[in-house]
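The structure appears right after this line, and notes come after that.
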Amino acid sequence: MSKNARAAVMTAPKTDLEIREYPLPYVDKGCILVKITCCTICGSDLRTWLGHREAPTPIILGHEIVGEIVELGEGVVYDSGDRPLKVGDRITWTVMDNCGKCYYCREKGLMMKCRHLRKYGHDSCVDPPHLVGGFAEYCYITPGTCVIKTPDNLTDEEVAPANCALATVVAGWEALGIQPFESVLIQGAGALGFYAAALAKHYGCRRIIVTDILDNRLEFIRAFGATDTINTGEMEDEEIVHAVYNLTGGFGVDCAMEVAGVPGIIPVGLKCLRTGGRYAVMGNAYPGSHFSYDASDILFRRLTIKGIHNYDTKHLQMGIDFLAMTHGVFPFKDIVTHRVSLDDITEGLRTAESGKAIRVAVLPFR
Ligand SMILES: [Zn+2]
């Protein structure tokens with residue numbers, strides 16, 4: 001094994017990532033060194049690179065990571081599900097390392113809002129162990145991270161996006177309390193939308209309505225269980241609401257979710273809810289995402305709005321279990337549409353920006 005690891009480092013937004021080498025760290029007690037086999041480019045990586053989100057630099061972006069254990073630190077014996085771990089096992093892990101002891105971790109059940117939170121692909125790489133992001137050959141996992149051994153029947157490319165996109169959708173699913181036979185509106189036919197549609201189908205939802213402005217994506221999401229797709233590109237808001245009401249017996253959907261990262265679609269999503277309906281904001285993970293809405297409609301129609309940022313460990317495990325159960329049913333393997341090496345990563349970010357790709361995979365040892 002070489003003593004250094006290559007990493008693609010962002011020094012400023014919108015500039016080409018630089019390949020730098022860092023020494024492989026000594027593996028401390030409770031830590032794990034992983035050889036990264038695949039990391040997918042998440043919408044939030046793209047937003048950070050475009051400068052829509054603040055990030056400390058230099059930084060190794062990437063948090064939808066899967067890899068093989070190279071070295072286990074003292075005391076690391078099991079994963080989060082009490083499955084024994086050994087060198088060579090393939091794992092994925094939570095985007096966050098949380099302390100487990102602060103107000104939010106211990107008292108409020110919001111581990112993703114830990115007061116001492118560290119996040120892979122979100123923190124500066126200037127200090128050792130440096131290797132704390134996915135766009136690199138190796139990643140150093142610290143003790144507050146929940147590690148999950150991945151089932152053999154899933155490919156790296158199926159597992160990687162689960163780490164952020166699918167786990168977030170599972171968290172939103174739980175927050176909305178979606179029930180079998182309910183109708184859902186999914187605003188956005190990207191990776192989160194595909195997972196949401198598949199969950200809705202698996203869960204026995206009656207109508208699974210998806211809106212987007214790209215026909216090819218709306219076509220593709222039918223394979224994930226969408227029952228009705230609407231290209232809203234040329235439609236007025238009132239027409240969209242009318243179409244959704246027509247599909248739901250004149251009542252509106254029980255639940256709706258914004259998974260497009262476009263704040264302007266939230267008001268129409270709220271209007272598509274039935275009285276007593278629930279709404280989740282899941283895609284607008286960057287500041288300045290404003291929308292305006294008549295608060296009296298939220299009150300009179302008894303609407304609920306939930307904000308979902310990241311997830312709890314159990315949601316990642318549930319996502320992996322869901323993939324293992326249903327990967328023969330839904331085309332999860334087709335969510336990664338483009339692949340790049342570390343050297344071509346800036347090209348990969350541009351491809352993601354263009355909207356041509358659903359997920360771009362970075363394969364560091366390609
Ligand atoms: Zn993400």
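Throughout, read-outs are computed from the coordinates displayed, never taken from laboratory work. Computed from a predicted structure; not experimentally measured. Here the Cβ is made from the backbone with ideal geometry for all residues, glycine too, and neighbour counts use every protein chain on show.
Below, the figures for the structure above:
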{"quantity": "Cα-projected label distance for His309 with Arg222, points at 7 Å along beta-carbon direction, nm", "calculated": "3.8 nm"}
{"quantity": "The chain: relative contact order in percent, alpha carbon pairs under 8 Å with at least 6 residues between", "calculated": "18 percent"}
{"quantity": "Sites Lys86 and Met325, calculated FRET efficiency, Cβ-Cβ separation with R0 35 Å, nearest 0.05", "calculated": "0.90"}
{"quantity": "Asp215-Phe181 pseudo-label distance in nm [points 7 Å out on the Cα-to-Cβ vector]", "calculated": "3.7 nm"}
{"quantity": "Residue of Asn284, Asn163, Asn153 that the Gaussian network model of the chain assigns the largest fluctuation, springs spanning Cα pairs under 10 Å", "calculated": "Asn153"}
{"quantity": "Centroid-to-centroid separation of segment 111-164 and segment 291-366 [C-alpha atoms, Å]", "calculated": "16 Å"}
{"quantity": "Neighbourhood charge, 12 Å Cβ-Cβ cut-off, centred on Arg274 and excluding it, Lys, Arg +1 and Asp, Glu -1", "calculated": "+3"}
{"quantity": "Cut-off 16 Å (backbone N to label point 7 Å along Cα→Cβ of Tyr203), residues of segment 274-304", "calculated": "274, 277-283, 304"}
{"quantity": "Calculated FRET value between Asn246 and His116, using beta carbons and R₀ = 45 Å, to 0.05", "calculated": "0.35"}
{"quantity": "Degrees, to the nearest 10: 191-203 long Cα axis against longest axis of the chain", "calculated": "70 degrees"}
{"quantity": "Whether segment 1-133 is rounded, prolate or oblate, judged on the alpha carbon gyration tensor where a/c under 1.5 counts as rounded", "calculated": "oblate"}
{"quantity": "C-alpha long axis of helix 345-354 to longest principal axis of the chain, angle in °", "calculated": "0 degrees"}
{"quantity": "Relative contact order %, segment 251-313, counting alpha carbon pairs below 8 Å whose residues are six or more apart", "calculated": "35 percent"}
{"quantity": "Top of Cys272, Cys31, Cys139 by mean-square fluctuation, Gaussian network on the chain, Cα under 10 Å", "calculated": "Cys31"}
{"quantity": "Measure of compaction for segment 105-203 (Cα Rg per 2.2 N^0.38 Å)", "calculated": "1.31"}
{"quantity": "Entries in Lys14/Lys101; Lys86/Lys333; Lys35/Lys201; Lys35/Lys314; Lys3/Lys29 that, when Cα-Cα distance is taken, lie over 30 Å", "calculated": "Lys14/Lys101; Lys35/Lys201"}
{"quantity": "Sparsely packed GluC sites (Glu not before Pro) within segment 40-125, loop by DSSP, other Cβ within 10 Å at most 12", "calculated": "Glu54, Glu74"}
{"quantity": "Where Rh is the Kirkwood radius over Cα pairs, Rg/Rh for segment 250-334", "calculated": "1.06"}
{"quantity": "Local electrostatic count, Gln317, Cβ distance below 12 Å [Lys/Arg +1, Asp/Glu -1]", "calculated": "-1"}
{"quantity": "Debye intensity ratio I(q)/I(0), log10, the chain, q values 0.06, 0.15 Å⁻¹ (C-alpha model)", "calculated": "-0.22, -1.30"}
{"quantity": "Whether segment 176-305 is rounded, prolate or oblate, judged on the alpha carbon gyration tensor where a/c under 1.5 counts as rounded", "calculated": "rounded"}
{"quantity": "Within-11-Å neighbourhood charge of Asp294 [Cβ basis; K, R +1; D, E -1]", "calculated": "+1"}
{"quantity": "Selected from Ile298, Ile141, Ile209 as most flexible by GNM, with the chain as the system and alpha-carbon contacts under 10 Å", "calculated": "Ile298"}
{"quantity": "Ellipticity estimate at 222 nm from DSSP helix runs (n ≥ 4, -39,500 (n - 2.57)) divided over the chain, nearest 500", "calculated": "-7000 deg cm²/dmol"}
